[in-house]
Amino acid sequence: MIVGIDLGTTNSLVAVWRDGRAQLIPNALGELLTPSCVSLDADGTVLVGRSAVERLQSHPEQSAALFKRHMGSSRLTRMGGREFRPEELSALILKALKADAEAFLGEPVTEAIITVPAYFSDAQRKATRAAGQIAGLKVERLLNEPTAAALAYGLHQREAESRFLVFDLGGGTFDVSVLELFDGVMEVRASAGDNFLGGEDFVNGLIDTCFERLSLPASLRQDETFMARLRAETEAAKRLLSLQASATIAVRHGETVHRLDIDEATLAQTCEPLFKRLRLPVERAMRDAGLRSGDLNAIVLAGGATRMPLVRRLVTTMFGRFPSTELDPDQVVALGAAVQAGLKARDAALNEIVMTDVAPYSLGVAVGIRLGPDAVSQGHFDPIIERNSTVPISRVKQYIPQASGQKQLDLQIYQGESRLVRDNIHIGSLAVPLPPAAVHECAVDVRFTYDVNGLLQIDATVLKTQQTHSLLIEGNPGLLSEAQIAELLQAMAELKIHPRDQLENRTVMARAERLYEQLRGMEREHLGRQILVFEQMLAGQDARVIAPGRRAFADMLDHLERHSALDREPT
Ligand code: AMP
């Protein structure tokens, strides 16, 4: 059996073509979205999905998330005393989805169509294929995410030549792709995006508004428990605003309940800069494709954040027409992957022209940012070539040393998308000797040239002396050989995976443990006792007792979480 998989940065989904339509497959918890998060339990057992998200908060050093961002690199993530490659972490997600699909379909699942962002480079695509192999899946095909979204809407059935735009606003990234269907072949004509723009930024904007309008002291930002509650409340309010006119953010600190009523106007005003930023990649993709909005046959929405009515209105006004909204934007990519699986089964699969001549990551250097006459904040990442730029590409930026009399400029080169270099991947360093001169006379031009083979050339020229120092960094050091893939497949077989049928119990327990760490005083003590009670229930191994006990325990956690987070005044 062949399934379609949306292997996402935050959530993953699996779907199948059955009875003439694409159907999503629920996981062991009965949910369609499985968080792309992995954690190792105390005994080394692998947990995937919601339970791992809970442990990401309570046991961050044994958990991993957001690893899709590192696919195609050899970055290792330490988890519970063992190091994992991004392919292995992705393989654990794929393995869990495979098990869910097998439980749902009642037959072995051996093949998959996996979706990848249109801008994924050759190395990132190879890494995704390897992840599938390590999970024991034959990757029948990798499908571009925007193409999948178009397939979900049946746009491939259009007779004549047609053009579509896919507007994909997820939790942390924004991708715009212009697609063209011609003679039964789908081509990504242009893609643009913003790697630092997504639903999370709207939450951050609302949090800032809370601090401002409620006059909360800035020091509260250091209070992790308070911030976690405020974030959860704000996220919920933001989602409510997609359904109703107003919502309340209420969060307790000490004896005080801080409360802010928000409506769409608040969101529009607070997040105005974000709405402006949404326009730029759209304009760029349209310009690159040489199209005007009248040339488009459809606009497709993907990613949970496109549920915001304000975003839908922005799209409508930008294009002067309504986008397609019939399908759930969280599900379109997985549904499209299942459509492709169905077409494949009938030997009618849609062909794609894959565009891989883009820089897969941003490339740049470490810099210090001057905060005052004597204060410098170190370790910031300054991109020189931005991710997603068409290659070959050459860009230059000028840097000056931090102190006068400095003998050399130490260029530390990184790839990645994070603000701080410590969260990116170090790929090389270059020492540039400086002449004895004042700071402002020691400017250095740093040129990055990146080619189709993934080779990065760095030329640093000291302007005063016109001397150039160079460094060549080999591209794609992260690719796995077939032999290494076979080895990792073997290693995967040795990992203990948490039994699927006990996942619900483990997820409730992981949530209780996370909550226990966040609470204090009486509430914490009470929860500790309830955890013991539930543990004893589990030890009894009687399913008739465990199922109702788990529901009651989960209800109590709901109450505790809501009560301690909101502490709404008694009515
Ligand atoms: P994705 O990565 O596609 O799952 O997108 C997740 C993002 O969508 C998160 O930032 C969510 O806050 C956002 N999101 C999900 N549902 C809604 C909703 N009903 N209204 C507004 N934003 C939402």
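Computing the accessible area with a 1.4 Å probe over protein heavy atoms, can you report the carbon and sulfur percentage for the stretch 433-510?
That share works out to 53 percent.
In Å², what does the accessible area per residue of the stretch 449-571 work out to with a 1.4 Å probe?
62
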Over the chain, calculate the relative contact order: mean separation of alpha carbon pairs under 8 Å at least 6 apart, over the residue count, as a percent. 15
How do 253-260, 456-463 rank on mean C-beta neighbours within 10 Å, highest first? 456-463, 253-260
May I ask which of K68/K98; K95/K238; K126/K238; K238/K397; K238/K344 have a Cα-Cα span longer than 28 Å here? K95/K238; K126/K238; K238/K397; K238/K344
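Given a 1.4 angstrom probe, what's the average accessible area per residue across the stretch 1-153, in square angstrom? All intermediate terms of the calculation are to be shown ahead of the outcome.
Values: 4810 Å² over 153 residues.
Per-residue accessible area for the stretch 1-153 comes out at 31 Å².
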Carbon and sulfur %, accessible surface of the stretch 166-317 computed with the full protein complex present, 1.4 Å: 48
Under the Karplus relation with 6.51, -1.76 and 1.60 and θ = phi - 60°, whole-Hz ³J(HN,Hα) for the stretch 539-545, x at Gly and Pro, equal 5, x, 6, 9, 4, 5, 8
From the backbone phi of the stretch 420-435, what are the Karplus-calculated ³J(HN,Hα) couplings (6.51 cos²θ - 1.76 cosθ + 1.60, θ = phi - 60°) in whole Hz, Gly and Pro given as x? 9, 5, 4, 9, 10, 9, 6, 10, x, 9, 9, 9, 10, x, 10, x
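Quickly rank 6-15, 294-303, 223-232 as a protection proxy: mean count of other C-beta atoms within 10 Å, highest first.
6-15, 294-303, 223-232
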Under-5 Å amide H pairs with H253, H placed in peptide plane, nonlocal only: H258
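If we sort 336-342, 120-126 on the protection proxy, mean other Cβ atoms within 10 Å, highest first, what's the order?
Answer by packing, highest mean first, reads 336-342, 120-126.
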Sort all Cα-Cα distances of the chain into consecutive 20 angstrom bins from zero, then give the percent of pairs in each bin up to the one containing the longest distance. 18, 50, 29, 2, 0
Beta bridges by DSSP in the chain, antiparallel share as percent, to the nearest 5: 80
Carbon and sulfur atoms account, in whole percent of the 1.4 Å probe accessible area of the stretch 324-386, for 49
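The values are calculated or read from the model by the stated rules, or taken from the named source; none is laboratory data. These numbers come from a predicted model, not from an experiment. In this analysis, Cβ positions are derived from the backbone assuming ideal geometry, glycine residues included, and neighbour counts consider all displayed protein chains. SASA here: full protein model, heavy atoms, side chains in, ligands and nucleic acids out. Shrake-Rupley method; radii C 1.70, N 1.55, O 1.52, S 1.80 Å.
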